[in-house]
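Here the structure is laid out as structure tokens; the discussion comes afterwards.
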Amino acid sequence: MTNASPHGRPFIKMHGLGNDFIVFDAREIPLALTDDVVCALADRQTGIGCDQLIVLHPDKKPDAGGPADLFMEIRNADGSTVAACGNATRCVARLILEETGRDRALIRTRAGLLAADRDAFGIRVDMGRPGFHWQDLPLSHEMDTLMLDLHEGGLSQPTALSMGNPHLLFFLEGGLDVDVRAIGSTLEHHPWFPEAVNVSFVRVLAPDHLSVATWERGAGLTRACGTAACASLVGAHRRGYAGRAAQIDMSGGALHILWDDADHVLMSGDAEIAFHGRVALPLGHGA
Ligand SMILES: N[C@H](CCC[C@H](N)C(=O)O)C(=O)O
């Protein structure tokens, strides 16, 4: 793979509430990254550092639901390819809205076609419908996804649901302190989740106010997780703890989530550009 120029391949470093991304634009010059190169770029000591790496491609299926502005490839820091990333989708939507000057963006992901626009909280993305069936996650066998018979670290009866990616949600009582890293890293690869799982810990502060901490599949503890914020609102509503709209506080900031009457989950929040750069690919090679 050669560089786009002698000074390396351009990228944009972006984040959504501190959940950070390296974004490459491959719409003009193709880019195919092996898992090893993704891991090297994501490394916070020897690479650029990120939770996820995003590659923008031309839309691959213009006839499936209408042409999208682009196809968004999503890679976790461990190199794994995943179908959904809420915070990164807001960042990509911002790039499209600024590039086109239009008030709406259409982003194709492996989880489906996502529409985005601006609202009072920043960028709003329609993250589509949640999935509750055990095969949506997927889970290894049929079970009640509202209350799983699963126990870890003194916690039990989590909810599992899909936002295009799998989420396991523990709802915490009162001031209970939990070891997010220990429990999250243990359950990420639980045998019931053949494709692994994102593990979140949710406190219900009010029916319209939750706080969430997430151990992300393929990335570990992040400052925010957009799909987890969506999943937490939906799960809290299903369990009778919350309404259909809430502010979700995470260590990196807050998102506003609405599960609308058409069963779509709308996520609103910031999308920031940290810096622009260039990198020789594969890392450490080339001028
Ligand atoms: N770790 C997730 C992908 C990134 C999700 C997160 N960064 C978000 O904002 O939704 C997974 O493996 O499904």
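The values are calculated or read from the model by the stated rules, or taken from the named source; none is laboratory data. All figures in this text were calculated on a predicted structure; none of them were measured in a lab. Reconstructed Cβ throughout: ideal geometry from the backbone, glycine too, with neighbour counts over all protein chains shown. Surface accessibility is based on the protein's heavy atoms, side chains included, excluding ligands, DNA and RNA. Shrake-Rupley method; radii C 1.70, N 1.55, O 1.52, S 1.80 Å.
Taking every residue in region 48-74 that is on the phi < 0 side of the Ramachandran plot and more than 16 Å from the ligand (Cβ to nearest atom) and pairing it with any residue that is at pLDDT 95 or above and of a type in the set (S, T, N, Q), at least 6 positions away or on another chain, the pairs with Cβ-Cβ distances below 8 Å are D69/T100; F71/T109. Restricting region 171-204 to residues that are touching a Phe, Trp or Tyr at 6+ places or on another chain (Cβ under 8 Å) and of a type in the set (S, T, Y), the residue that is most open to solvent (accessible area, probe 1.4 Å) is S185.
The set of residues in region 8-50 that are open to solvent by 10 Å² or more (accessible area, probe 1.4 Å), in contact with a helix residue (DSSP H, G or I) (Cβ under 8 Å, 6 or more places away or on another chain) and within 17 Å of D270 (Cβ to Cβ) comprises I12, H15, L17. Please verify whether region 98-111 includes one or more residues that are at positive phi and in contact (Cβ under 8 Å) with a residue 12 or more places away in the chain. Looking through region 98-111, none of the residues is at positive phi and in contact (Cβ under 8 Å) with a residue 12 or more places away in the chain.
For region 87-96, what are the residues that are touching a strand residue (DSSP E or B) at 6+ places or on another chain (Cβ under 6 Å) and open to solvent by 10 Å² or more (accessible area, probe 1.4 Å)? Within region 87-96, just R94 meets the criteria. Criterion applied to E173, E152, E195 was being within 13 Å of the ligand (Cβ to nearest atom) and without any contact (Cβ under 8 Å) to a residue 60 or more places away in the chain, and the one residue passing it is E195.
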